Amino acid sequence: MTRYLTITLEKRGVTAVAELLDAAAPRTCAAVWEALPQSGQVYHGKYARNEIYHLVPAFAEVEPGKENTTVTPIPGDVCYFAFDSDDLGNPAYGYEEAADVRAADPDQRKPIVDLAVFYGRNNLLINGDQGWIPGNVFATVVEGLEELAEACQSIWMDGARGETLTFRRVSRGSAHPR
C-alpha cells in the first residue's frame, strides 16, 4: 500500500501531501516514517534556491546512507540530508540555539537531519563551504504544491521567524489522503 505524509507550514495554514518513494529509497522512507511526526523551525535555503527545510536531531537507529540521491532536485521533491555539528555548527550560518545544531561538547559531533521540500525549478545542491551536497529523494508532493510554493515565497520574502514546518503520517486507513 502506498504511504503518504503531510507537509504543513503551521502558521501559514498550508498543507501539502507527499507520496513516499518506498521502491526508490526504502531505507530513508523507513527511517523517516518511523520518526514521524517531525516538526521544527522552518528555514529557507540560501544556496539551493527554492527550498524550505528544518533541522532535527538524527532519529534513525541506523543512518540510511545514500539512496535515490540528487544534486538537482525538482519541484515537489522531498529530501533527507544527514549532517553533523561540524557541518552546521558554525555561528555564521545563523541557526539559532532552537535549531539545536551545536554539540554540547565541542570535541563531539552531533548528528543532525535536514528534511527539505523543493518547491520551484533550477535548484542546485552546492554549498560554498562544502561543495556538492547530495540529498536522498524519499517522497514527492502529489497535492498542494502550488499553495505550498506560494507560502514558501512568503517565507523567502517576509521571513521565517515563528513558522513551523511539520511532517506527519497520513493515517494508514486511507489509500489516498484526500
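The values are calculated or read from the model by the stated rules, or taken from the named source; none is laboratory data. Since this is a predicted model, take the numbers as computed values, not measurements. Methodologically, a virtual Cβ is constructed for each residue, glycine included, from the backbone with ideal geometry; neighbour enumeration extends over all protein chains shown. Keep in mind that these areas ignore ligands, DNA and RNA; they rest on the heavy atoms of the full protein, side chains included. Shrake-Rupley method; radii C 1.70, N 1.55, O 1.52, S 1.80 Å.
Of the residues making up region 107-119, those that are closer than 16 Å to Val17 by Cα and open to solvent by less than 10 Å² (accessible area, probe 1.4 Å) are Leu115, Ala116, Val117, Phe118.
In region 160-175, the residue that is surrounded by the most Cβ atoms within 10 Å (Cβ to Cβ) out of those that are more than 12 Å from Ile7 (Cβ to Cβ) and aliphatic (A, V, I, L, M) is Ala160.
Residue count for region 1-60, restricted to those that are open to solvent by 20 Å² or more (accessible area, probe 1.4 Å), closer than 14 Å to Ala116 by Cα, in a strand (DSSP E or B) and out of contact with any Pro (no Cβ under 9 Å at 6 or more places or on another chain): 6. For region 124-159, taking the residues that are among the β-branched types (Val, Ile, Thr) and more than 16 Å from Asp114 (Cβ to Cβ), the one that is most open to solvent (accessible area, probe 1.4 Å) is identified as Val142.
Among the conditions (1) open to solvent by 40 Å² or more (accessible area, probe 1.4 Å); (2) in contact with a strand residue (DSSP E or B) (Cβ under 8 Å, 6 or more places away or on another chain); (3) at pLDDT below 95, Pro75 misses just one, which is (3).
Listed here are the residues, each with its yes/no results for (1) under 16 Å from the mean Cα position of the chain (by Cα); (2) modelled with pLDDT of 95 or more.
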| position | (1), (2) |
| --- | --- |
| Asp86 | no, no |
| Pro106 | no, no |
| Asn123 | yes, no |
| Cys152 | yes, yes |
